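Here's the structure, in structure tokens; my notes come after.
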Amino acid sequence: MPKNVVISGGTSGMGRATALERLDRGDTVTVIGSSPSTLPSHPNLHTIQADLSSIAEVERVVTHLSRHYDAIDALALFANRPSPHRRETPDGLEYTFALYYLSRYLLSHRLAPLLDAAPHPVIVNVAGVGTTAGRIHWDDPQLTRGYGQIRAQLQAGRANDLLGVDFATRSSSKARYLLYHPGFTRSGVDNHPSPVVRASLKLLGKLFARPVTASAKPIVEWIDHPPPDPLTAIDRGKKLDLSLTTLAPTDAARLASYTESLLSRL
């Protein structure tokens with residue numbers, strides 16, 4: 001049966017591959033991206049151009065989807081763009097934190113009513129679950145001191161791990177939450193701002209990375225067959241034990257509290 005699928009960061013890489021495959025299966029697919037879509041024209045494809053690092057833009061997307069759909073079967077979260085230098089969003093937030101983590105927090109929670117209206121809803125959050133490097137810098141989550149691109153990416157990755165834990169623990173939504181780390185994939189290597197790093201990533205991608213379609217394939221299948229548990233974590237094909245320290249419920253609750261306080265001030 002055709003489904004309604006929403007994909008953030010769906011104009012390139014794995015998001016784009018997931019969109020194309022689900023369109024081939026007869027789904028209605030809405031792609032959200034900061035750049036104009038390069039996807040081929042399709043009667044069941046809808047695109048929303050939005051800067052998801054902006055809270056107002058995320059809320060605009062949620063309002064649009066709420067007006068146009070009665071239910072959403074799957075929400076796939078890919079949006080991320082590394083920033084070599086610290087920069088702030090219009091909301092005064094560190095860019096990576098806002099785009100890579102906060103947009104996914106907002107979309108997960110704001111779209112929960114539409115997900116709950118579907119028979120078997122699923123949220124797939126594509127980040128780095130299973131990776132233990134990086135942490136939440138509780139004393140400075142906005143990285144005002146000692147910013148580094150990798151530091152920011154790792155913190156946001158760990159924040160997404162905790163987002164999944166908190167959503168499954170505290171949310172009353174029936175949506176299944178799936179944290180997925182595909183491993184090194186030939187996805188996004190053309191988006192790095194540094195030409196030197198971009199060239200290196202492209203070379204490494206040709207030699208060692210998985211094809212985009214291979215990394216996206218499990219997501220395509222999970223949309224049809226969501227895992228039975230409220231939370232599932234998959235790292236490069238391996239199901240993880242949820243007792244990992246990076247999935248600690250106490251840290252998840254702490255991050256959720258910080259996030260809700262942040263949003264209330266903004």
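The values are calculated or read from the model by the stated rules, or taken from the named source; none is laboratory data. Note that the coordinates shown come from a computational prediction; the quantities given were computed from them, not determined experimentally. Don't worry about glycine lacking a Cβ; one is built from the backbone with ideal geometry, like all the others, and counts go over all protein chains shown.
Summary of values
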read-out: Number of positions in the stretch 138-150 that are surrounded by fewer than 16 Cβ atoms within 10 Å (Cβ to Cβ) and at pLDDT 95 or above; value: 7
read-out: Qualifying residues in the stretch 78-130 (those that are free of Cβ contacts under 8 Å to residues at least 60 places away in the same chain and of a type in the set (Val, Ile, Thr)) - the one nearest to ARG170 (Cα to Cα); value: ILE123
read-out: Matching entry among LEU114, LEU99, LEU106 (being part of a helix (DSSP H, G or I), within 23 Å of ASP229 (Cβ to Cβ) and hydrophobic (A, V, I, L, M, F, W, C)); value: LEU114
read-out: Of all residues making up the stretch 233-266, the number that are outside any strand (DSSP E or B), hydrophobic (A, V, I, L, M, F, W, C) and in contact with a Leu (Cβ under 6 Å, 6 or more places away or on another chain); value: 2
read-out: Among (1) surrounded by fewer than 17 Cβ atoms within 10 Å (Cβ to Cβ); (2) in contact with a helix residue (DSSP H, G or I) (Cβ under 7 Å, 6 or more places away or on another chain); (3) under 20 Å from ASN125 (Cβ atoms) - the single one GLU59 does not satisfy; value: (2)
read-out: Count of residues meeting criterion [within 15 Å of the chain's Cα centre (by Cα) and among the small types (Gly, Ala, Ser)] in the stretch 18-53; value: 5
read-out: Single match in ARG81, ARG60, ARG86 (criterion: out of contact with any Ser or Thr (no Cβ under 6 Å at 6 or more places or on another chain), of a type in the set (D, E, K, R) and closer than 29 Å to ILE234 by Cβ); value: ARG81
read-out: Residue check, LEU247 among the aliphatic types (A, V, I, L, M), surrounded by fewer than 20 Cβ atoms within 10 Å (Cβ to Cβ), out of contact with any Phe, Trp or Tyr (no Cβ under 8 Å at 6 or more places or on another chain) and at pLDDT 95 or above; value: no
read-out: Lone qualifier among ASP251, ASP229 - being under 13 Å from ARG158 (Cα atoms), touching a residue at least 24 places away in the same chain (Cβ under 8 Å) and either touching a Cys at 6+ places or on another chain (Cβ under 8 Å) or not aromatic (Phe, Trp, Tyr) (or both); value: ASP251
read-out: Among the candidates TYR101, TYR105, residue that is among the hydroxyl-bearing types (Ser, Thr, Tyr), modelled with pLDDT of 95 or more, within 11 Å of SER53 (Cβ to Cβ) and buried (at least 19 other Cβ atoms within 10 Å of the Cβ); value: TYR101
read-out: Subset of the stretch 33-52 (residues that are of a type in the set (A, V, I, L, M) and free of Cβ contacts under 8 Å to residues at least 40 places away in the same chain); value: LEU39, LEU45, ILE48, ALA50
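To keep it simple, each residue is scored yes or no on (1) under 20 Å from GLU88 (Cα atoms); (2) assigned to a helix (DSSP H, G or I).
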{"residue": "ALA133", "(1), (2)": "no, no"}
{"residue": "GLY146", "(1), (2)": "yes, no"}
{"residue": "ASP161", "(1), (2)": "no, yes"}
{"residue": "PHE167", "(1), (2)": "no, yes"}
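For every residue, the table says whether it meets (1) modelled with pLDDT of 95 or more; (2) out of contact with any strand residue (DSSP E or B) (no Cβ under 8 Å at 6 or more places or on another chain).
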position: LEU162; (1), (2): yes, yes
position: TYR180; (1), (2): yes, no
position: PHE184; (1), (2): no, no
position: HIS192; (1), (2): no, yes
position: LYS206; (1), (2): no, yes
position: VAL212; (1), (2): no, no
position: ILE223; (1), (2): yes, no
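The rows are residues; the columns are (1) at pLDDT below 95; (2) not hydroxyl-bearing (Ser, Thr, Tyr).
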site: VAL165; (1), (2): no, yes
site: THR169; (1), (2): no, no
site: LEU203; (1), (2): yes, yes
site: PRO226; (1), (2): no, yes
site: ASP241; (1), (2): no, yes
site: LEU263; (1), (2): no, yes
